[in-house]
Amino acid sequence: MKFNTDAFCSFIGADIIGNSKSEYVDISNISVDSRSLQNDQHTLFFALKGGNHDGHDYIEELVNKGVRYIVISDQTKVCPIEGVLFFKVNNTLAALQGAAIFHRDRFDFPVIGITGSKGKTVVKEWLNYLLSEEYKIIKSPKSYNSQTGVPLSVFGIEEKHNLGIFEVGISTVGEMERLTKVVKPTIGVFTALTEEHGEGFRSLEEKVSEKAKLFQDAEVVICEQNELLLQYFSSVASVYTWSLIDKSANVYGQLHSSSLTVSIDQGDSYSVELPFTDDSSVRNIMTCISTMSYLGYDSEKIAQRIQGLYPVELRMQVKNGVNNCTIIDDAYNADYQSLSIALDFLDKHKVSASKTVILSDMFKSGYEEEEIYGQLKELLSTHQITRVIGIGEHISKYLIGTTNTYLYRDTEEFLQKVSVEDFSDENILVKGARGFRFDRIVTMLEKKTHETVLEVNLTAMCHNLNFYRSKLKPETKVMVMVKAFGYGNGSYEVAKLLAHEKVDYLGVAFADEGIELRKAGVNTKIIVMNPEINAFSAMIAYDLEPEVYSVRELNAFLKVARERNCYEYPIHIKLDTGMHRHGFLTEDLDELIEVLRHTNVVEVKSIFSHLSSSDMPEYTDFTLGQIEMFTHNSDKLIQELGINPIRHILNTSGIFNFSEHQFDMVRLGIGLYGVGNDREEMQQLANVSTLKTRIMQIKEIKDKDSVGYGRRFRAEGKTRIATVPIGYADGVHRSWGPVGYVLVNGQKAEITGSICMDMLMINVTEIKCQENDEVIIFGKDLPVTIIADKIKTIPYEILTSIALRVKRIFFIE
Ligand SMILES: *Cc1c(COP(=O)(O)O)cnc(C)c1O
């Protein structure tokens with residue numbers, strides 16, 4: 001789209017910086033993500049400042065990619081560049097929303113705005129499926145429902161659309177007003193109200209009244225028949241209600257075992273077969289039926305289409321594949337927007353250069369196929385996919401003749417003709433529409449290991465990083481400890497995430513760990529905390545920076561560094577202030593200064609120390625004493641050497657308890673992985689790791705029978721025992737056996753008898769479960785802190801004991 005530059009500036013409230021001039025701006029893509037491959041000369045990039053992420057930091061990278069239109073708020077972070085238009089605004093997020101409002105106002109067709117405490121994304125996806133035969137729908141991709149997600153979704157509206165479906169989520173008062181103008185729904189859908197009112201709201205009433213603002217210009221609000229909802233919604237619009245108990249609702253549904261009897265406005269009833277019968281699904285289905293009914297669909301169409309509803313899978317999982325492949329398993333719809341998100345994800349997480357995409361027919365929406373597949377081809381070519389595997393009649397028809405493209409009629413044909421040997425050292429995105437059953441392809445390509453997995457939630461990790469950053473001044477640097485395989489979680493994926501989050505340093509224990517990261521392409525600065533003298537040469541070769549803890553070690557390093565002609569090679573001085581592990585004591589400083597004064601082979605980049613008891617209130621005085629000694633001794637080095645290093649002393653608990661002593665940098669460890677040493681701290685963190693497996697066998701044993709080695713469990717009465725394939729060799733401490741339990745379908749199942757090397761047995765007499773059901777060893781509902789307390793160790797030990805044979809699966813939400 002072409003806009004007159006002056007008009008464009010005036011509607012987003014911008015001034016042009018620098019002397020680049022252009023009468024028109026020609027924009028076809030809006031971006032807030034520097035990593036998207038679609039950043040090019042027709043992209044308008046908004047440099048958002050969020051929590052601790054600053055889009056301004058990526059400007060150089062973007063300009064190199066060809067981006068020419070950049071909206072900024074911080075002029076100090078840019079210098080004028082020929083041919084690039086910088087639009088200076090006060091607030092880039094407000095400008096993004098303003099631009100979206102401008103765009104939205106150009107269109108006049110029905111828009112469904114969905115909000116509620118849960119079920120928004122499922123209802124949006126389902127409505128898209130249910131209505132797509134009659135409408136050309138633009139919807140928000142995935143769960144793009146935030147202050148940035150909503151405007152980005154709205155920018156997708158084009159002339160060809162005739163129905164919008166957007167979801168809107170808010171977390172606190174004041175947020176809805178802006179998004180209401182962006183979406184301007186004509187039909188409001190309220191999915192569900194849950195009791196907990198969330199941090200951002202004082203009461204349930206406040207939450208509903210804030211959400212009601214979305215509906216202020218709507219002709220109708222579709223919601224459950226509920227007093228509180230009606231009180232707020234009926235004052236802004238007319239309401240169209242559903243109920244499972246109240247016959248007076250517009251849509252009344254009576255639930256039988258696997259069907260609903262539905263009657264509209266107390267008229268004749270008809271039966272709808274349900275694909276899902278759990279409580280939330282039934283409620284979401286009632287919301288969908290009501291919306292269809294409001295739009296005038298007849299009972300036959302409603303009943304027929306509801307049967308076709310499918311589970312909505314939002315997670316994108318990264319799995320280890322056969323022959324050194326990495327698999328990205330995206331079981332979400334195969335539609336254009338979500339494919340575009342998945343391809344960006346593929347670029348961010350790729351391990352080797354080669355990219356393969358396995359793709360089914362695209363979602364049948366109301367558009368012409370030519371258009372759908374034309375756009376698809378363009379998208380695949382922008383992302384420079386090495387090999388495209390298309391499965392399905394439609395995709396085959398349109399992709400035939402394209403280079404590096406292999407086509408199959410259906411999943412069966414693919415499985416028959418292709419073998420795992422056809423894949424090696426590549427990143428494979430697997431994305432198929434429902435019905436194609438691409439889970440079979442994932443199973444084929446996945447590295448075969450046992451059922452036990454450690455799931456690592458990268459989204460939660462980001463949340464935790466930002467939580468600790470919020471305790472810091474904006475200029476304080478962050479180093480993240482990824483030693484011991486990222487506290488057991490997996491070092492490469494974690495490091496990659498942290499590199500993108502722009503942490504300043506990574507910390508590893510041994511040189512080998514750092515070398516692994518470098519080989520995997522991690523460029524962030526890395527400090528080796530336990531450098532061994534025989535690894536110095538390799539460290540220099542891989543650009544790893546040593547901790548220096550003694551003069552003997554320093555001299556050994558200087559010798560190697562001189563041989564390699566180093567000049568001002570970065571080193572980090574460790575002071576011992578009471579931990580008595582590594583480092584220089586006060587009396588060692590003069591000798592250290594003497595050595596450093598006479599060399600320019602190395603440069604002191606930072607000076608640091610480590611707290612022994614930052615999590616223990618009873619030792620606050622001791623900790624403050626450590627901090628004081630650190631200040632004093634580092635001052636001495638700084639003055640006598642005339643240097644200006646980064647100073648750092650706080651670990652996770654230090655950040656939480658002593659943030660006033662953050663100096664220039666902190667070293668975050670366990671907190672990133674979702675574990676706090678303090679209850680209050682723990683509540684603010686998101687769970688990162690879940691260790692899970694499946695029941696292998698269930699049997700019933702008789703009264704007084706025993707279970708396991710040494711007959712340490714004796715049945716009292718008939719007992720159901722389940723065998724689970726995880727043991728102490730996987731990292732479940734044997735001492736957890738006598739006191740421990742696991743979770744099966746959300747319920748506690750006690751461990752019976754001794755934990756074996758590769759297996760353990762649990763008592764499931766009182767639990768409804770069957771073979772192959774999931775078993776949680778630890779996770780959100782059974783935190784490692786509980787296990788650690790019971791067996792008198794610390795969460796650190798539990799996390800780092802998980803054996804490498806346990807497959808790690810990373811996912812984002
Ligand atoms: C491991 C480590 C940390 C991180 O400690 P947490 O308690 O996990 O935050 C910080 N500094 C040093 C020197 C470490 O070895």
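Tabulated data for the structure shown
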read-out: Computed lengthening from E680 to K377, 0.36 nm per intervening residue step minus Cα-Cα distance; value: 104.0 nm
read-out: Cα long-axis angle, helix 279-294 against the chain (0 to 90 degrees, to the nearest 10); value: 50
read-out: GluC sites (Glu not before Pro) restricted to the stretch 614-722 and DSSP loop, no more than 12 other C-beta within 10 Å; value: E716
read-out: Within the stretch 722-741, backbone nitrogen closer than 16 Å to the virtual label 7 Å beyond the Cα of Q747 toward Cβ; value: 722-723, 741
read-out: Nearest 10 degrees, 0 to 90: helix 620-641 Cα axis against the chain principal axis; value: 60
read-out: Spin-label model distance (nm) - H394 vs K447, 7 Å beyond Cα toward Cβ; value: 3.6
read-out: For the stretch 27-136: accessible area per residue (Å², 1.4 Å); value: 39
read-out: Amide H within-cut-off set for I16, under 5 Å, with H built and near neighbours excluded; value: K88
read-out: Filtered GluC sites (Glu not before Pro), the stretch 422-482: DSSP coil and at most 14 other beta carbons within 10 Å; value: E475
read-out: Estimated FRET transfer efficiency (E640, I794; beta-carbon r; R0 56 Å; 0.05); value: 0.90
read-out: Principal axis dimensions, the chain - Cα atoms, whole angstrom, descending; value: 92, 88, 59
read-out: Folded to 0 to 90 degrees: helix 120-131 orientation relative to the chain principal axis, Cα; value: 40
read-out: Accessible solvent surface per residue of the stretch 324-417, calculated while the other protein chains remain in place, 1.4 angstrom probe, Å²; value: 43
read-out: Backbone HN-Hα couplings from phi across the stretch 587-600 [Karplus 6.51/-1.76/1.60, Hz, Gly and Pro as x]; value: 6, 8, 5, 4, 5, 4, 4, 4, 5, 5, 4, 9, 9, 10
read-out: Karplus-derived HN-Hα couplings along the stretch 243-249 (A = 6.51, B = -1.76, C = 1.60, θ = phi - 60°), whole Hz, x at Gly and Pro; value: 7, 9, 10, 9, 5, 7, 5
read-out: Extended-chain gain in nm, criterion 0.36 nm per residue less alpha-carbon gap, K181 and S238; value: 18.6 nm
read-out: For the chain, calculated [θ]222 nm from helices alone, where every DSSP H run of n ≥ 4 adds -39500 (n - 2.57); value: -9000 deg cm²/dmol
read-out: The stretch 366-400: GluC sites (Glu not before Pro) in DSSP loop, at most 12 other beta carbons within 10 Å; value: E368
read-out: Built amide H within the under 5 Å cut-off of R694, gap 5+; value: V775
read-out: FRET efficiency for E766 and E205, using Cβ-Cβ distance with R0 set to 41 Å, rounded to 0.05; value: 0.55
read-out: Label-to-label distance, nm, for residues given as D6 and S259 (7 Å Cα→Cβ offset); value: 6.8
read-out: Accessible-area composition of the stretch 302-458, carbon plus sulfur, in percent [1.4 Å probe]; value: 47
read-out: Portion, in percent, of the accessible area of the stretch 1-129 that falls on carbon or sulfur, probe 1.4 Å; value: 47
read-out: Estimated FRET transfer efficiency when R0 is 41 angstrom, pair D344-R581 (beta carbons, to 0.05); value: 0.45
read-out: Additional length obtainable on full extension of the chain from D703 to H500, 0.36 nm per residue less Cα span; value: 67.3 nm
read-out: The stretch 57-212 shape via C-alpha gyration tensor axes, a/c threshold 1.5; value: oblate
read-out: Estimated inter-spin distance, S550 and K21, nm [label 7 Å along Cα→Cβ]; value: 7.0
read-out: Portion, in percent, of the accessible area of the stretch 628-695 that falls on carbon or sulfur, probe 1.4 Å; value: 39
read-out: Solvent-accessible area per residue, Å², over the stretch 617-674 with all protein chains present [probe radius 1.4 Å]; value: 41
read-out: ³J(HN,Hα) computed for each position of the stretch 561-569 - Karplus, 6.51 cos²θ - 1.76 cosθ + 1.60, integer Hz, glycine/proline x; value: 5, 5, 4, 8, 6, 6, 9, 6, 5
read-out: Cut-off under 5 Å, modelled amide H: who pairs with G321 long-range; value: T326, I327, K447
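The values are calculated or read from the model by the stated rules, or taken from the named source; none is laboratory data. Model, not experiment: these values are computed from the prediction. Ideal geometry is used to build each Cβ from the backbone, glycine not excepted, and the neighbour counts take in all protein chains shown. Quick note on the areas: whole protein, heavy atoms, side chains included, nothing else; ligands and nucleic acids left out. Shrake-Rupley method; radii C 1.70, N 1.55, O 1.52, S 1.80 Å.
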